[in-house]
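Participant: Before I ask anything, let me first share the structure, which is written out below as structure tokens.
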Amino acid sequence: MQAVVVREHGGFDKLLVEQLPTPEPGPAEVRIKIAAVGLNHLDTWVRRGVPGHQFPLPLILGSDGAGTVDAVGEGVTGAAAGDEVIVLPGLSCGTCDSCQSGHDQLCADYGVLGETRDGCCAESVVVPEANVAPKPPSLDFQSAASFSLTFQTAWSMLRRARLQAGETVLVQGAGSGVGTAAVQIARFLGAEVIATAGTDAKCQAALDLGANHAICYEQQDFVAGVREIRGRSGVDVVFEHVGASTFDGSIRCLARGGRLVTCGATTGGDVQLSLHRLFFKNLSVIGNTMGTRDDALEVIRLAGSGSLRPVVDRVLPMAEVHLAHELLESRSVFGKIVLTP
Ligand SMILES: [Zn+2]
């Protein structure tokens, strides 16, 4: 089968499109013939490498995928050949206290497809039976492959930040995968959304997705922009994933009792935080990675019913994975890039 493999970290040339043996499913595993795979920023981190972190190379990239089950291993009861499925990217042991109590993202053995085990950027992938969910008939394969990781993450983040109807949320980087998810989820929950994005076109796209306000951070300091909209009262929640370049401003935008929730640090992970501001204003800072299995199933249900909409910027053949990574890193896309074998 054709697959996109990383054998050593580095630039775009480290994305190798190779012919590999088609994997066979073991006990409690299923094999999926991949119809589409969604890219995430995580793919670029696996390719580039993260200082101090060991990835199990060689590794087939790709956390998000959708396709059709074409083989099942011994003991599989929840899936059968011919089932159209969405791949759930979160891997956990399934037996520890965290997993048993529905907090599988806290499992000590937690991993992600395409990061800790071979992923979906191939013609076939083998995953644990627990890692597939039925594809809603209303979604085509390309949309179905594009949203599981980002939407479950955004759902988990806003759930944990206790975003309420009538509150205001600032969504940083609204044009990214998690950003497009957060704008829609926040509106679905009944919140008012202020989005930030880097271009007028992305701001307009965020407004089209349901944001109430959009601030182009290349043209205006977003803290000043939030003040224009909210006066001195600030926002109740900030949805962060940008990191060092926005963190201080994000904290300053928070109202008393405000919550900042973050899942990423694209511009760097070392920030300064004024403890005086933190405790005088009764602020909370929440870290979040991925979501629970229930979060994943909930966003799939909401996407199937049309309440949430996967946003696909473009679809490329898998052989053009180099171009796809370039587009992702240059932030010249709104929403997701999807590859097809
Ligand atoms: Zn576990």
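Participant: Hey, can you tell me all the residues within the stretch 301-338 that are charged (D, E, K, R) and within 25 Å of His9 (Cα to Cα)?
Facilitator: Of everything in the stretch 301-338, those that are charged (D, E, K, R) and within 25 Å of His9 (Cα to Cα) turn out to be Glu320, Glu326, Glu329, Arg331, Lys336.
Participant: Only residues that are open to solvent by less than 50 Å² (accessible area, probe 1.4 Å) and not in a loop (DSSP other than H, G, I, E, B): list them for the stretch 288-307, please.
Facilitator: Selection gives Asp295, Ala296, Val299, Ile300, Leu302, Ala303, Gly304.
Participant: Among Gly179, Gly111, Gly175, Gly119, which is within 16 Å of the ligand (Cβ to nearest atom), more than 14 Å from Val299 (Cα to Cα) and open to solvent by less than 10 Å² (accessible area, probe 1.4 Å)?
Facilitator: The conditions single out Gly111.
Participant: Evaluate the stretch 222-238: report whether one residue or more is in contact with a Cys (Cβ under 6 Å, 6 or more places away or on another chain) and either at positive phi or aromatic (Phe, Trp, Tyr) (or both).
Facilitator: The answer is yes, given that some residue of the stretch 222-238 is in contact with a Cys (Cβ under 6 Å, 6 or more places away or on another chain) and either at positive phi or aromatic (Phe, Trp, Tyr) (or both).
Participant: When the residues of the stretch 61-104 are filtered to those that are β-branched (Val, Ile, Thr) and either within 16 Å of the ligand (Cβ to nearest atom) or surrounded by 15 or more Cβ atoms within 10 Å (Cβ to Cβ) (or both), which remaining residue is nearest to Cys120 (Cα to Cα)?
Facilitator: Across the stretch 61-104, the extreme among qualifying residues is Val87.
Participant: A further question follows. Inside the stretch 157-234, counting only helices (runs of 4 or more DSSP H) that do not spill past its ends, which hold 2 or more residues that are over 21 Å from Ile337 (Cα atoms) and touching a helix residue (DSSP H, G or I) at 6+ places or on another chain (Cβ under 8 Å)?
Facilitator: Answer list for the stretch 157-234: 177-188, 222-230.
Participant: Out of (1) crowded, with 18+ Cβ neighbours inside 10 Å; (2) in contact (Cβ under 8 Å) with a residue 40 or more places away in the chain, what's the single condition that is false for Asp313?
Facilitator: Status for Asp313: all satisfied but (2).
Participant: Suppose we filter Leu149, Leu139 for residues that are assigned to a loop (DSSP other than H, G, I, E, B), among the hydrophobic types (A, V, I, L, M, F, W, C) and surrounded by 21 or more Cβ atoms within 10 Å (Cβ to Cβ); which single one remains?
Facilitator: Matching residue, one of Leu149, Leu139: Leu139.
Participant: Does the stretch 271-280 include one or more residues that are of a type in the set (A, V, I, L, M), within 21 Å of Ala174 (Cβ to Cβ) and assigned to a strand (DSSP E or B)?
Facilitator: no
Participant: Right, here's the next one. Between a first residue in the stretch 106-124 that is within 25 Å of Gln19 (Cβ to Cβ) and a second residue that is part of a helix (DSSP H, G or I) and within 15 Å of the ligand (Cβ to nearest atom), which pairs have beta carbons less than 9 Å apart while being 6 or more apart in sequence or on different chains?
Facilitator: Taking only residues 6 or more apart or on different chains, the pairs are Leu113/Asn131.
Participant: Which condition from (1) assigned to a strand (DSSP E or B); (2) under 29 Å from Ala186 (Cβ atoms); (3) more than 16 Å from the ligand (Cβ to nearest atom) is the one that Val126 breaks?
Facilitator: (2)
The values are calculated or read from the model by the stated rules, or taken from the named source; none is laboratory data. Quick caveat, the model's predicted, so the values are computed rather than measured. Glycine also receives a Cβ, built like all others from the backbone with ideal geometry; neighbour counts cover every protein chain displayed. Protein only, heavy atoms only, side chains kept; ligands, DNA and RNA dropped before computing areas. Shrake-Rupley method; radii C 1.70, N 1.55, O 1.52, S 1.80 Å.
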